Structures are given as C-alpha cells and as structure tokens.
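Right, one structure below, let's go through it.
The values are calculated or read from the model by the stated rules, or taken from the named source; none is laboratory data. If you're wondering where the values come from, they're calculated on a predicted model, not measured in any experiment. We work out accessible area using only protein heavy atoms, side chains counted, and drop any ligands, DNA or RNA first. Shrake-Rupley method; radii C 1.70, N 1.55, O 1.52, S 1.80 Å.
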Amino acid sequence: MPAFFSVLTRGYGPIRRLSNLVLTTFFLALPILALPARAEPLELVALGDSLTQGYGLPTDQGLVPQLQAWLAARGADVRVVNAGVSGDTTAGGLSRLDWSLGPQTDALMVALGGNDLLRGLPPEESRANLDAILTKARARGLPVLLVGLPAPGNYGPDYKADFDAIWPELAQKHGAVLVPNLLAPIMETPPELRAKTDLMQDDNIHPAPAGVALVVEALGPKVLDLIAQAGAGPRG
C-alpha cells in the first residue's frame, strides 16, 4: 500500500474516520475513472440524395447500411444517420439541414449535386448552396466530408470546369475532407466488366448492391478520417 494510504489507516478517532471517508471516496470513484470518454457512439449524419437514400435497393444494401457495416467491421463506434432524400438538390439539402442535424450530431457527410446536374442548374447556384451548408456546419463545430460528382461533358467545357471546381475549392475553403467523385470506383471499371458484375441498376444512374460495395470501399477510409476529426475512431 502506498505510504499515503498507510499513514491514513494508522490514525485513531476523528483522523481515522476522516481517512476512512477519503479511502471510501477514492475507491468508489475508480469505476467512474475507468469509464471510456465517450459512452455513446459518434453520430454521423449523411446528407444526400437518392444515392445516399438507397434508391431501388434492399433496405440493408444501400450506401448508409453498407457504410455502417464497413465501419463496424473496422471497430469504429459510429452510428450513420440516413438523411438522403431521393430527388433532392443542393438547395433542398440546405433547406433541411437544420432539422437534419440534432444536438447529438458529431460529424456531417454532404453528398449532393447529382440532381443539380440532371437539371442543368447553374454551377454558381450549386456552389452557393454547398458553401452555405458547410458554413453552417462549421458554425456548429462539425467536421465535414464533402462528396462530389463530376459534370458530364455534354453541358460544354465551361460548365464542366465550373461545376467540377466546386468540390476541391469548397473543401479547401472550409477544411473539409474531400471525395471528388462518389462514383469513381464504378466509373473507373471498364464498361464490359461493369455490366458483367452488375454494378449498376437498370437505369444506369443508381448503383446496384455490388456497385455500392465498391463505392463504400473507397469512401470508408475518408469517413474514418472524418470521425477521427470528430474525436472518435477505431477502438480496440
């Protein structure tokens, strides 16, 4: 027994009673001191469109459940909240940001812009909406993972250049973790192999379960970077 405790236990009368109180308080506090710093899993809100929501997929095969499983398999104590709305634009994401984030939210993933592209919306509008989302997140102290999509060439080179520049420039401005192209693992797969392995659904817009799995393998490490910023990561 350390000398401090030895001296306390040799006292008599009031001194002994005081020593007993000190020792009892100390040892009762030990279980509290041994508790982990975070009792609840970190909450990551995934704000997105149909690609996040899991359009056309079984409940357990969408982006969020597959990402949740990927993180759990690597020991990350994270709960991923699906805030994906099919058909949503960057403007829609901005309009519902405040009620998508709760007081317990620790980090935010923003994966919007695909429907802006489908509608041919001006890149400056998409940029302004995403800028406002990241500004609000930063005001709340939330680290952000910004996930983009490149514009197709049929809108012309100027449109493509302006739209594609949104993601790296906003990520740098706000200190966000960046994934420039959510669907890069699928787009980089040769078309003939893409068809054989059923990476896309019949609409050729939304990934099939196997395509989502490829996306998650590339996205997952970036999410680990994000949650490390939020103060949690793989435990064990």
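Dimensions of the stretch 68-131 from C-alpha coordinates, computed as largest minus smallest value along each principal axis and given longest first, are 41, 24, 19 Å.
Computed with every protein chain present, the accessible area of Glu217 is close to 100 Å² [probe 1.4 Å]. For the stretch 54-96, the square roots of the Cα gyration tensor eigenvalues, ordered a ≥ b ≥ c, give a/c of at least 1.5 with a/b no greater than b/c, which places it in the oblate category. Is the shape of the stretch 90-236 rounded, prolate or oblate, going by the alpha carbon gyration tensor and its root eigenvalues a ≥ b ≥ c, with a/c under 1.5 for rounded and a/b larger than b/c for prolate? It comes out oblate by the Cα gyration axes.
Counting only protein heavy atoms, what percent of the accessible surface of the stretch 162-236 is carbon or sulfur at a 1.4 Å probe? Spell out each step's value before the answer.
Values: 2140 of 3820 Å².
Of all accessible area on the stretch 162-236, carbon and sulfur atoms account for 56 percent.
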